[in-house]
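Any read-out appearing in this document is the output of simple, stated calculations on the displayed coordinates, not a laboratory observation. Everything quoted here is computed from the prediction, not taken from an experiment. Here Cβ is always computed from backbone atoms with ideal geometry, including for glycine, and neighbour counts include all displayed protein chains.
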Amino acid sequence: MTQHENKYVITNDLLKFLLYQLKEKNIAISHYRLQKMIFKIKKELGCDHPLYKQLPFYWAEEGPFSSVVAQIFSRLKKNNCYPFSTNSFFLNDESYMSFSSNKNIIEEFPEIEREIHKILSNTNSFFNKFDEDIFIDYAPYPIMHPFKYILFDIAKNEELLYSITPKNYLNVFYNCLSGMTNEKIDDEFLVLFSRLFSRLELIDNENKFRECWQCVRIPMELSWRTFARGISINFHDDFYNNIIPTWEQDHTENIKRLTKSIEFVEEKTGNIINSSSNRNSIPLNKRC
């Protein structure tokens, strides 16, 4: 068996045991949380463990992601699971009985079972904090947690905007921007992100933040997607080295889309900024 094939066999066995354990605890699982669980197991096993390099991941938009896990879980979802909700799945009863005896990987590496039990020991934490904790504990840059779970999530879900004041949102934005300047962040992205912050700050100075939110939320979403997908270029296991040129090409295209989106916001909000020197002379007739 080649090393490439071995990764799929190991991941298949691990997924089967993991789905069995989740069924035991009556927990449905989403694809992205399952990805994070296996990543957590990998990190806790440590880089010297025999399985560390057999579970290849890269950092992406939703966090650590493995195409190997994705491919195998796709097959298991189709043949061995049933949907619990739109995005989560349960192991079916027939597969539960079948997988109960499929413990070869655990017999060889009993420490895996201990790590799974640690993760699932507190179901409240697992459902409410686990995904964020992966970002807090393992993300390549500390700013990735507030960037995704505040800036991006609020941009993606408009209702969340009213859970935070514009000033607090801008403070988080500023902290993310400041954190990036201390890291080796792509210069082109950093310039664009700074331009977006400057525009939001000017809009807020005119007390038009919420009024202009529909304009700015799109480049905010694109900012996270561009940044997170670009992270994979530098933060990935060697298994993915052959697709770096594709990621680099995608990042270039994402930068172009983000540039156009920010230019659109600057154009649509230009009248607001220009009015700061003569607020009472020309009424603002249109919202952006």
In sequence order, calculated HN-Hα J values of segment 242-253 (Karplus, 6.51, -1.76, 1.60; Hz; x Gly/Pro):
6, 9, 4, x, 5, 4, 5, 5, 4, 5, 4, 5
Taking R0 as 51 Å and r as the Cβ-Cβ distance between Phe197 and Tyr82, the FRET efficiency 1/(1 + (r/R0)^6), rounded to the nearest 0.05, comes to 0.65
Between segment 1-48 and segment 216-233, what's the alpha-carbon centroid distance in Å?
28 Å
Thr123 versus Thr181: modelled label distance in nm, points set 7 Å from Cα along the beta carbon direction
4.8 nm
Using the structure shown, select from Lys156/Lys184; Lys78/Lys156; Lys42/Lys103; Lys184/Lys268; Lys42/Lys148; Lys36/Lys118 the pairs with a Cα to Cα distance greater than 20 angstrom.
Lys156/Lys184; Lys78/Lys156; Lys184/Lys268; Lys42/Lys148
Please determine, in degrees from 0 to 90 and to the nearest 10, the orientation of helix 31-45 with respect to the longest principal axis defined by the Cα atoms of the chain, where the helix direction is its Cα long axis.
70 degrees
How tilted is helix 166-181 with respect to the longest principal axis of the chain? Cα atoms for both, answer in degrees (0 to 90, nearest 10).
70 degrees
Rounding to the nearest 10 and keeping the result within 0 to 90°, find how far the Cα-based axis of helix 67-80 lies from the longest principal axis of the chain.
60 degrees
How big is the dipole moment of segment 139-277 about its Cα centre under a simple scheme where the beta carbon of each Lys and Arg is +1, that of each Asp and Glu is -1, and everything else is neutral? Debye, nearest 20, please.
320 debye
Explain nothing, just compute: Karplus ³J(HN,Hα) = 6.51 cos²θ - 1.76 cosθ + 1.60, θ = phi - 60°, for every residue of segment 197-209 in order, whole Hz, x for Gly and Pro.
4, 4, 5, 5, 5, 5, 4, 5, 4, 8, 6, 10, 4
Pseudo-spin-label distance Asp153 to Lys260, built 7 Å along Cα→Cβ, given in nm, is 3.1 nm
Relative contact order, percent, of the chain when contacts are C-alpha pairs under 8 Å separated by at least 6 residues?
19 percent
Taking placed amide H atoms and a strict 5 Å upper bound, the residues 5 or more places from Asn92 or on another chain that come that close are Cys81, Tyr82
List, in order, the whole-Hz ³J(HN,Hα) value for each residue of segment 217-225 obtained from phi through the Karplus relation with A = 6.51, B = -1.76, C = 1.60 and θ = phi - 60°; use x for Gly and Pro.
5, 5, x, 5, 4, 4, 4, 5, 4
Chain lengthening between Gln71 and Leu160 when straightened (0.36 nm per residue, less Cα-Cα)
28.7 nm
